[in-house]
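A.B. asks: Structure incoming, see below.
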Amino acid sequence: MTELNLHKIEKKILLSLVKHDKTDIEKLASITNLSLDNVRRGIEWLKYKGMVSVSVHKDSIVQLISESSERSNDGRPSDKPHVSDNLTLPERRIVNAIKNKHQKNIKIGELAKLCSMSNIEFSVGIQNALRNGWLNKAADTLKITDNSEKLSLEETLLEKISRLKKIKLSELSDKELHGFTLLKKRPGYLKETIEKTFNISLTNEGKKVASNIKNDGEEGIGTFTSEIISTGKWKNEKFTKIDVTSPVRSYAMGRTHPLTDMINEIRDIFVSMGFSEVEGPTIQSCFWNFDVLFTPQDHPARDMQDTFYLSNLTDEDIDPIISNKVSNFHKTEWSYDWDIEKSKQTVLRTHTTPVTIKYLSENKLNSGRIFSIGRVFRNEKMSYKHLMEFHQIEGIVIGETVNLRDLMGLQKQFYSKLGLEKVKFWPTYFPYTEPSLQSMVYIDKLGKWVELFGMGMFRPEVTQSVGILNNILAWGGGLERIAMIRYGLDDVRELYDNKLSWLRMQPICPL
């Protein structure tokens, strides 16, 4: 760092600190004739460059409570003693009332009427007057003593603070500290605040650079303007050097949502594995969403508590050839009379499989690889791990000889491309696949296994209903769960909170 790399504000501060090291910001502003804002800005620049260090010193400051703070919300005087009333404590007012009576003895009841104080204030005043030795008590009579002329510790401290306006707690003597302790217990007199002092001092680097500064003026032009360029003034002027290592202002540029990035990444993975994407509507008939997939009409998943049904909307376009096959399979395997009217009801799709199976029925593929990524809907209670609307990933492989071993291999390959290397499987149950498996992946950051996708081979009752004779391998699951792992989230709802602070801090290419 050289002299030409410094702003004139920085130079003034450095030269001032050479003569006045370990000074505060206010004093530094006075010495340099700079505004407080300029001094603060210059200190931040020099601190970043390692030329100054800033230490913080905290002091407890004691002040009198203003009269305005002693009044109630409706503006009436409160029961607290008024400090502004010549700093007179209740015990002193009691003693003065007795002296004004020109007598040394007085009954307590008579004194109470004479002082016109609240019961609490009068009681506290009597106790403190007795403690200070200003009064002696005999039965119900009080007698004033010669010590009543002597100021108490509280009065001495109040007068000092009134004179100085504020005082540091660290500057009080032991007696004054005792008086402060006594007064602190009595509301309405003192307030204690913390005052921070910032002391600025030069570092070794700062001292080295300051010794080479010839003057505190700015050498050359530090800002380019259109006038300097258009008039040709720049030809005869000297410019300050530009510090290319200085931090620049950051801009919040537009970008895709991290979840969209995740969807695009998974789409690329499927394409790289030889899959083609299929899409379909989010509104599906129960026929394609449940019946073709061999889900009985009394299955719990078809209840309104689990599925969003659409009222006054039915799907009458059901292929009678496929529906007859579906009816026979349900009647034979599930032992009930299948009702075509129930299958005409429409729902918000609970998975993307109805899109896939309808595509297969229309195209009659004997082999191939297809996938889908789309929104699905479940009538579930929102929680840290459940949403009513989320994205599902699904992959389908069709072939004459494909088997469960191929499916597990494809799953491992898919997870590997996502950076998930440790995978294991175990048997499970799904209505439309047999055999069926559940996959788990090990997350190093969490130090545990996490359940992800379900998988299996489509049952003959499903494939034969739509005219497919070859084997079909399938796997799928929620995309948001993968996104939670990728972005280190504990609550799936954070993906949709749209917090700009979180969205902007996400890297474009997370590792």
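A.B. asks: May I ask you to verify whether residue 32 is surrounded by 14 or more Cβ atoms within 10 Å (Cβ to Cβ), closer than 30 Å to residue 133 by Cβ, of a type in the set (Ser, Thr, Tyr) and at pLDDT 80 or above? Step through it out loud before you land on a result.
C.D. replies: Working: surrounded by 14 or more Cβ atoms within 10 Å (Cβ to Cβ): yes; closer than 30 Å to residue 133 by Cβ: no; of a type in the set (Ser, Thr, Tyr): yes; at pLDDT 80 or above: yes.
So residue 32 fails the test.
A.B. asks: Another question about this same structure. Considering each residue of the range 465-511, count those that are open to solvent by 90 Å² or more (accessible area, probe 1.4 Å) and either among the aromatic types (Phe, Trp, Tyr) or not in a helix (DSSP H, G or I) (or both), and give that number.
C.D. replies: 7
A.B. asks: Moving on to the next point. Looking at the range 268-295 only, could you name the residues that are farther than 30 Å from residue 312 by Cβ, open to solvent by 10 Å² or more (accessible area, probe 1.4 Å) and in a helix (DSSP H, G or I)?
C.D. replies: 268, 269, 271, 272
A.B. asks: Can I ask one more? Can we say residue 409 is open to solvent by 30 Å² or more (accessible area, probe 1.4 Å) and at positive phi?
C.D. replies: Values: open to solvent by 30 Å² or more (accessible area, probe 1.4 Å): yes; at positive phi: no.
It is false that residue 409 is open to solvent by 30 Å² or more (accessible area, probe 1.4 Å) and at positive phi.
A.B. asks: Test residue 265 against the stated conditions and say whether it is farther than 22 Å from residue 467 by Cβ, charged (D, E, K, R), in a helix (DSSP H, G or I) and over 36 Å from the mean Cα position of the chain (by Cα). Spell out the reasoning first.
C.D. replies: Values: farther than 22 Å from residue 467 by Cβ: yes; charged (D, E, K, R): yes; in a helix (DSSP H, G or I): yes; over 36 Å from the mean Cα position of the chain (by Cα): no.
When the stated conditions are applied, residue 265 does not pass them.
A.B. asks: Count, please, the residues in the range 213-237 that happen to be open to solvent by 60 Å² or more (accessible area, probe 1.4 Å) and modelled with pLDDT under 70.
C.D. replies: 6
A.B. asks: Any residue that is buried (at least 20 other Cβ atoms within 10 Å of the Cβ) and of a type in the set (Phe, Trp, Tyr) - is there at least one of those in the range 436-448? If you could, list the steps in order and put the result at the bottom.
C.D. replies: Residues of the range 436-448 buried (at least 20 other Cβ atoms within 10 Å of the Cβ): 437, 439, 441.
Going one step further and asking which of them are of a type in the set (Phe, Trp, Tyr), we end up with none.
The answer is no; no qualifying residue exists.
A.B. asks: Let me ask something else. Is the range 429-447 home to any residue that is part of a loop (DSSP other than H, G, I, E, B), aliphatic (A, V, I, L, M) and farther than 24 Å from residue 269 by Cβ? Please lay out each step first, then the result.
C.D. replies: Initial filter on the range 429-447 (part of a loop (DSSP other than H, G, I, E, B)): 431-432, 444-447.
Remaining after also requiring aliphatic (A, V, I, L, M): 446.
Add one more test, that the residue is farther than 24 Å from residue 269 by Cβ, and what stays is none.
No, there is no match, as no residue in the range 429-447 is part of a loop (DSSP other than H, G, I, E, B), aliphatic (A, V, I, L, M) and farther than 24 Å from residue 269 by Cβ.
A.B. asks: Among the residues of the range 238-262, what is the count of those that are part of a loop (DSSP other than H, G, I, E, B), open to solvent by less than 80 Å² (accessible area, probe 1.4 Å) and modelled with pLDDT under 75?
C.D. replies: 4
A.B. asks: Collect the residues in the range 138-147 that are exposed (fewer than 15 other Cβ atoms within 10 Å of the Cβ) and touching a residue at least 12 places away in the same chain (Cβ under 8 Å), keeping them in residue-number order.
C.D. replies: Taking the range 138-147 and keeping what is exposed (fewer than 15 other Cβ atoms within 10 Å of the Cβ), we get 138-141, 143, 146-147.
Hits for the range 138-147 are 140, 141, 143, 147.
A.B. asks: Does at least one position in the range 148-165 carry a residue that is over 30 Å from residue 98 (Cβ atoms), of a type in the set (D, E, K, R), touching a strand residue (DSSP E or B) at 6+ places or on another chain (Cβ under 8 Å) and open to solvent by 30 Å² or more (accessible area, probe 1.4 Å)?
C.D. replies: The initial filter retains those residues of the range 148-165 that are over 30 Å from residue 98 (Cβ atoms), namely 164-165.
Now narrow it down to the ones that are of a type in the set (D, E, K, R): 165.
Okay, now just the ones that are also touching a strand residue (DSSP E or B) at 6+ places or on another chain (Cβ under 8 Å), so 165.
Still in the list and also open to solvent by 30 Å² or more (accessible area, probe 1.4 Å): 165.
For the range 148-165, residues over 30 Å from residue 98 (Cβ atoms), of a type in the set (D, E, K, R), touching a strand residue (DSSP E or B) at 6+ places or on another chain (Cβ under 8 Å) and open to solvent by 30 Å² or more (accessible area, probe 1.4 Å): present.
A.B. asks: Another question about this same structure. Output the number of residues of the range 299-335 satisfying the condition of being part of a loop (DSSP other than H, G, I, E, B), open to solvent by 80 Å² or more (accessible area, probe 1.4 Å) and modelled with pLDDT under 90. Reasoning before the result, please.
C.D. replies: To start, the set of residues in the range 299-335 that are part of a loop (DSSP other than H, G, I, E, B) comprises 299, 303-308, 315-319, 335.
So of that shortlist, the ones also open to solvent by 80 Å² or more (accessible area, probe 1.4 Å) come out as 304-305, 316-317, 335.
Narrowing further to those that are modelled with pLDDT under 90: 304-305, 316-317.
Going through the range 299-335 one residue at a time, the tally reaches 4.
A.B. asks: Assess whether residue 156 counts as being more than 27 Å from residue 112 (Cβ to Cβ) and over 48 Å from the mean Cα position of the chain (by Cα).
C.D. replies: Working: more than 27 Å from residue 112 (Cβ to Cβ): yes; over 48 Å from the mean Cα position of the chain (by Cα): yes.
In short, yes.
The values are calculated or read from the model by the stated rules, or taken from the named source; none is laboratory data. Computed from a predicted model, the values in this text were never measured in an experiment. Using ideal geometry, Cβ is built from the backbone for each residue, glycine included, and neighbour counts are taken over all protein chains shown. Just the protein is used for accessible areas: all its heavy atoms, side chains included, with ligands, DNA and RNA removed. Shrake-Rupley method; radii C 1.70, N 1.55, O 1.52, S 1.80 Å.
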